[in-house]
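Structure record follows, encoded as C-alpha cells.
The values are calculated or read from the model by the stated rules, or taken from the named source; none is laboratory data. Just so you know, these numbers come straight off a predicted model, no measurement behind them. Counting neighbours? That spans all protein chains shown, and the Cβs are built from the backbone with ideal geometry, glycine included. Side chains are part of the model used for accessible areas, which takes the heavy atoms of the whole protein and leaves out ligands, DNA and RNA. Shrake-Rupley method; radii C 1.70, N 1.55, O 1.52, S 1.80 Å.
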Amino acid sequence: MNLIMLGPPGAGKGTQAAMLAVQLGIPHVASGDLFREALKAETELGLTAKSYMDRGELVPDEVTIAMIRERLLKSDCDKGIILDGFPRTIEQTKALTELLAEQGKTIDAALFIDASEDELVRRLSSRWTCRNCQAIYNLISNPPREKGKCDVCGGELYQRADDVPETVRNRIRVYWDQTSPLIDYYRDEGLLITIESEGGIDHVQAKILEALQSA
Ligand code: AMP
C-alpha cells in the first residue's frame with residue numbers, strides 16, 4: 001500500500017504515520033526527517049536544506065525530489081510506503097507519480113489530517129522530538145513519562161528550531177500557499193480521505209484504519 005499523509009504542520013501527520021507504519025509493516029518516509037538526518041551528518045544536502053528549514057520555507061523541488069527518489073529505490077519500499085511531508089508542491093506531486101510509475105506503482109490513498117490554525121500553533125509550540133529515534137511528544141496532550149527523556153528509547157528530547165512561534169506561523173502560511181492545492185488535486189483523483197484530528201491520538205488512528213479498510 002502506498003499512502004501519502006497530507007495536512008498542515010502540527011496536524012499530527014508524523015505521529016499518525018509512525019503508528020500506521022507499525023500497523024501496516026511498511027516504512028514511514030518523512031522528508032523532514034531525511035533533511036534533519038542530512039543536517040546532523042553535515043552532508044551537502046543538509047547544508048543546502050538548513051537555510052530554508054530555519055526560515056520555515058520549502059527546500060527547492062529538484063533537491064527534495066532527488067532525495068526522495070533515492071529513498072524510494074531502497075528495497076524496504078517494495079511492499080509499500082507511508083510518505084509524510086512529501087509531496088508538498090504540485091511539481092513534487094507530478095514527480096512522485098512518475099517515480100512510482102517507473103517502478104510500476106501508484107498511490108492508493110492520500111490521507112488528509114485536518115486541524116484549526118490555533119490548534120496547530122498550540123501543538124507545534126509544545127512539541128518535543130527524540131534526538132535519537134524521532135518519536136514525537138506533546139507537553140500538553142502526550143507528555144513523556146520522564147521529563148526530557150524518550151519513553152521508547154530513552155533518548156534526549158529537544159524542541160525543533162523551526163517549532164518556535166514565528167517560524168511556525170510562516171510554515172503554516174507556506175502550507176496554505178504551496179501545499180493545500182494538493183488536497184484538491186488528490187480529491188480530483190478520487191484518492192482523498194479526510195480525517196479530523198480531534199479526539200486523541202488513538203482515536204484518530206482508529207479512524208484512519210477504519211477509513212483505509214473501507215476505501
Ligand atoms: P517537516 O518535518 O515535514 O515539518 O519539515 C521540516 C522542514 O523541512 C520544512 O519546513 C521544509 O523546510 C523542509 N521540507 C520537508 N519536506 C519538504 C518538501 N517535501 N519540500 C520542500 N521542503 C521540505
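A few notes on this one:
- Around Ile195: net Lys/Arg minus Asp/Glu count, Cβ-Cβ under 9 Å: -1
- For region 129-186, the set of chymotrypsin sites (Phe, Trp or Tyr not before Pro) satisfying both a DSSP loop assignment and a count of at most 10 other C-beta atoms within 10 Å is empty.
- Equivalent-ellipsoid semi-axes of region 111-215, from the Cα gyration tensor, Å, largest first: 27, 19, 12
- Each label point was placed 7 Å from the Cα along the Cα-to-Cβ direction; for Ile201 and Asp177 their separation is 3.3 nm.
- Surface share of carbon and sulfur [accessible, 1.4 angstrom probe, percent] for the chain: 50
- Of all lysines in the structure, those lying under 27 Å Cα to Cα from Lys74, and not within fewer than 8 positions of it along the same chain, are Lys13, Lys40, Lys50, Lys94, Lys105.
- Simple label model, 7 Å out from Cα along Cβ direction - Leu139 to Glu102, nm: 4.4
- Estimated Rh, region 97-162: Kirkwood, alpha-carbon pairs, angstrom: 14.3
- Here the label points at Ile90 and Ser214, each 7 Å from Cα along the C-beta direction, are separated by 3.3 nm in the simple model.
- Using the Cβ-Cβ distance between Asn170 and Arg69 with R0 = 30 Å, the FRET efficiency computed as 1/(1 + (r/R0)^6) comes to roughly 0.65.
- Put simply, the convex hull of the Cα atoms in region 49-99 casts, on average, a shadow of 3.8 nm².
- Overall dimensions of the chain as given by Cα atoms, namely Rg and Dmax in Å: 16.4, 46
- Cut-off of 10 Å, at most 15 other beta carbons, DSSP loop: longest stretch of the chain lacking such trypsin sites (Lys or Arg not before Pro): 1-73
- Between the amide H of Asp151 and those of Arg145, distances stay under 5 Å, these residues lying 5 or more places away or on another chain, with hydrogens modeled in the peptide plane.
- Region 102-193 - share of DSSP beta bridges that are antiparallel (%, nearest 5): 80
- For Phe112, distant residues with modelled amide H under 5 Å away: Leu6, Ile193, Thr194, Ile195
- Å² of accessible area per residue within region 1-115, as computed with a 1.4 Å probe and no ligands counted: 44
- Magnitude of the charge dipole for region 138-215, about its Cα centre and with charges confined to Cβ atoms of Lys, Arg (+1) and Asp, Glu (-1), is about 260 debye.
- Under a Gaussian network description of the chain, with springs only between Cα atoms under 10 Å, the residue in Thr89, Thr106, Thr43 that fluctuates furthest is Thr43.
- Low-density loop cleavage sites - GluC sites (Glu not before Pro) in region 1-89, where at most 12 other Cβ are within 10 Å (DSSP): Glu42
- Rg/Rh ratio calculated on Cα atoms of region 54-136 (Kirkwood radius): 1.00
- Near the amide H of Val164, within less than 5 Å, lie no amide hydrogens of residues on another chain or at least 5 residues away, with H placed in the peptide plane.
- The DSSP beta bridges internal to the chain are antiparallel in roughly 30% of cases.
- Neighbour-limited loop hits for GluC sites (Glu not before Pro), region 112-151 (at most 13 other Cβ within 10 Å; DSSP other than H, G, I, E, B): Glu146
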